[in-house]
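Read through the structure below, which is laid out as structure tokens, and then see the notes.
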Amino acid sequence: MSKYEIPFLTAVIRAFADRFALTRQAAFRYLHEHKGLAFLIEFYDVEHLQSMDETIDDLLVICQKNGGAIA
């Protein structure tokens, strides 16, 4: 993992929590359980170039495919 990925993941978790009125811990757990964090790590090279809104939209699709219920 590069030194740039951790700040990116932190920012995405914070933005995800803000969008859905979750605590940061709840957002982290949700993203971890539904493979959103794994997706961000695997596709960091693409995702970090998008806007935060587009990244969160991508996460919603991935998490919903893996059983997530937030919409």
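The values are calculated or read from the model by the stated rules, or taken from the named source; none is laboratory data. All figures in this text were calculated on a predicted structure; none of them were measured in a lab. Positions of Cβ are backbone-derived with ideal geometry, glycine not excepted, and every protein chain shown enters the neighbour counts.
Which residue pairs have Cβ atoms closer than 8 Å, lie 6 or more positions apart in sequence or on different chains, and pair a first residue in segment 24-41 that is farther than 12 Å from residue 63 by Cα and without any contact (Cβ under 8 Å) to a residue 12 or more places away in the chain with a second residue that is of a type outside the set (Phe, Trp, Tyr) and surrounded by fewer than 17 Cβ atoms within 10 Å (Cβ to Cβ)?
24/14
Of 17, 26, which residue is closer than 17 Å to residue 68 by Cα and over 11 Å from the mean Cα position of the chain (by Cα)? Give the derivation first.
Working: 17 fails: over 11 Å from the mean Cα position of the chain (by Cα).
Just one listed residue meets the conditions, 26.
I need the full set of residues from segment 39-71 which are aliphatic (A, V, I, L, M), within 12 Å of residue 9 (Cα to Cα) and more than 9 Å from the chain's Cα centre (by Cα), in order please.
If the condition is that a residue be aliphatic (A, V, I, L, M), within 12 Å of residue 9 (Cα to Cα) and more than 9 Å from the chain's Cα centre (by Cα), then 41, 52 are the ones that fit.
Within segment 13-71, take every residue that is among the aromatic types (Phe, Trp, Tyr) and within 24 Å of residue 2 (Cα to Cα) and give me the one that is surrounded by the most Cβ atoms within 10 Å (Cβ to Cβ).
So in segment 13-71, the residues among the aromatic types (Phe, Trp, Tyr) come out as 16, 20, 28, 30, 39, 43-44.
Those left that are additionally within 24 Å of residue 2 (Cα to Cα): 16, 28, 30, 39, 43-44.
Details: 16: 24, 28: 19, 30: 21, 39: 20, 43: 13, 44: 16.
Per the criteria, the residue is 16.
This table checks each residue for (1) in contact with a Phe, Trp or Tyr (Cβ under 6 Å, 6 or more places away or on another chain); (2) at pLDDT 95 or above.
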site	(1), (2)
1	no, no
18	no, yes
25	no, yes
31	no, yes
39	no, yes
43	no, yes
56	yes, yes
69	no, no
